[in-house]
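Here's the structure, in structure tokens; my notes come after.
Read the figures in this text as sums done on the coordinates, not as results from a lab. From a predicted model like this one, the values you see are computed outputs, not experimental measurements. With ideal geometry, Cβ positions are generated from the backbone for all residues, glycine too; neighbour counts draw on all protein chains shown.
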Amino acid sequence: MNKIFNYHLKKHILTSINWKNIFIEWQNQKSNIIELTQKLKKIYPVGYIIKDREFRAWKALLRHT
């Protein structure tokens, strides 16, 4: 997982966020479907606007996991 993170996300996201939290919560939920924008809002600071490139990097990470 860390290799995929380093390749797709590391350069595009804030260093202070706990990116692994998304996968922990996703694993613990009953459904396989993830609402990415809602999950990202939980881990980013309040009022932070996620740029398109950053969002595409998240989607790429999810495609490769």
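One table, with the values for the structure above:
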{"item": "Phi-based couplings in Hz for the range 48-63 (Karplus 6.51, -1.76, 1.60; Gly and Pro marked x)", "result": "6, 9, 7, 6, 4, 4, 5, 5, 5, 5, 4, 4, 5, 4, 5, 5"}
{"item": "Label-point gap, in nm, between Lys20 and Lys3 - each point 7 angstrom along Cα→Cβ", "result": "1.8 nm"}
{"item": "Whole-number D in µm²/s for the range 2-63 (Stokes-Einstein; Kirkwood sum over Cα pairs; 20 °C, 1.002 mPa s)", "result": "176 µm²/s"}
